[in-house]
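Before any comments, here is the structure.
The values are calculated or read from the model by the stated rules, or taken from the named source; none is laboratory data. Since the model is a prediction, treat every value here as computed from it, not as a measurement. Heads up, the Cβs are rebuilt from the backbone with ideal geometry, glycines too, and the neighbour counts pull from every protein chain shown.
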């Protein structure tokens, strides 16, 4: 109740729900920006990029501070839960710059890890974990580094960084370029746009309804 009237509004995992119409946004998150609503270290957040032009929305999943690219935001918590549900198996593609020239031998090792081999990370990752990616390919390389495209259909914490670290490969940049049928395209860094009706329809065909098959 607010000022004598009932307000139909709750908040779940940072998503504030009410009677406002649903909003579905796509942002090109820059590197160095965090996805939390507020940050105790005073770092820039994605909400600072949104400004006051939008009602409250929450990030759908996370991109860590050092990662960049496609981030979805919404005030529709049910839709957000469907997107992040492991049962959806949505393909998420990342373009990853690594600190070495990826020859056929290294690419073969990455593909083997992508097939599901267990990876031992550094002490920072606290032990062994079964990590996998759906696919990986070499995009291009220079004299000292390479760009890979890695596809995930699951979302473990810092999965790509840990997977590559297990092969003694360091990630220089990590850019998420698509989630299912949604693509980053040429959206400028820090910019946000609404999903088109067709994009919303396409993504909805890929995610299971809550409680459904």
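Criterion first (out of contact with any helix residue (DSSP H, G or I) (no Cβ under 7 Å at 6 or more places or on another chain), in contact (Cβ under 8 Å) with a residue 12 or more places away in the chain and surrounded by fewer than 17 Cβ atoms within 10 Å (Cβ to Cβ)) does residue 157 satisfy it? For residue 157, the condition - out of contact with any helix residue (DSSP H, G or I) (no Cβ under 7 Å at 6 or more places or on another chain), in contact (Cβ under 8 Å) with a residue 12 or more places away in the chain and surrounded by fewer than 17 Cβ atoms within 10 Å (Cβ to Cβ) - is not met.
Might you check whether a residue that is modelled with pLDDT of 90 or more and within 23 Å of residue 49 (Cα to Cα) occurs anywhere in the stretch 140-147? No - not one qualifying residue is present in the stretch 140-147.
Residue check: is residue 152 surrounded by 13 or more Cβ atoms within 10 Å (Cβ to Cβ), under 20 Å from residue 26 (Cβ atoms), at pLDDT below 95 and within 16 Å of the chain's Cα centre (by Cα)? Yes, satisfied. Just one of the listed residues (133, 102, 66, 126) is closer than 19 Å to residue 169 by Cβ and modelled with pLDDT under 80, and it is 133. Against the test of being modelled with pLDDT of 70 or more, under 18 Å from the mean Cα position of the chain (by Cα), farther than 26 Å from residue 201 by Cβ and crowded, with 16+ Cβ neighbours inside 10 Å, the options 46, 33, 60 yield a single qualifying residue, 33. Regarding residue 164, is this residue touching a residue at least 40 places away in the same chain (Cβ under 8 Å) and in a strand (DSSP E or B)? Considered against the rule, which asks whether it is touching a residue at least 40 places away in the same chain (Cβ under 8 Å) and in a strand (DSSP E or B), residue 164 comes out as no.
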